[in-house]
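What follows is a set of notes on a single structure, which appears directly below.
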Amino acid sequence: VQLQASGGGLVQFGGSLRLSCTASGSINSAGMGWYRQAPGLQRELVAFINNEGYTKYADSVKGRFTISRDNAKSAVYLQMNGLKPEDGAVYYCNLHYFTLDYWGQGTQVTVSS
């Protein structure tokens, strides 16, 4: 499975971005997540949605970010509102199926203060 992430860019403090990730195959039975990694820091989970629509978020983004999925399009989205400079990172899309993990190439998000 290949994952293609897009939608990153430069945005001002308080702005919004919508990240998209499209898979080359079906995502119907998979959990989908967005992770991010800032320079010098470990990759961290931002948001996750399982195949039944259950979601979980990192405490730092709760109330500002929303993850969603469209199985018909094999896509997962991350709507990011109220962006802060500390949200700046490379964002990676992840597909998790049992013991398998697939990663997209990452998309850069930069938030100016």
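The number of residues in region 41-69 that are open to solvent by 50 Å² or more (accessible area, probe 1.4 Å), part of a strand (DSSP E or B), of a type outside the set (Ser, Thr, Tyr) and over 21 Å from residue 9 (Cα atoms) comes to 1. Out of all the residues in region 16-34, which are open to solvent by 20 Å² or more (accessible area, probe 1.4 Å) and not basic (Lys, Arg)? 16, 17, 20, 22, 24, 25, 26, 28, 29 - these are the residues of region 16-34 that are open to solvent by 20 Å² or more (accessible area, probe 1.4 Å) and not basic (Lys, Arg).
The values are calculated or read from the model by the stated rules, or taken from the named source; none is laboratory data. The structure presented is a predicted model; accordingly, all values stated were derived computationally and were not measured. The accessibility values were calculated without ligands, DNA or RNA, using every heavy atom of the protein model including side chains. Shrake-Rupley method; radii C 1.70, N 1.55, O 1.52, S 1.80 Å.
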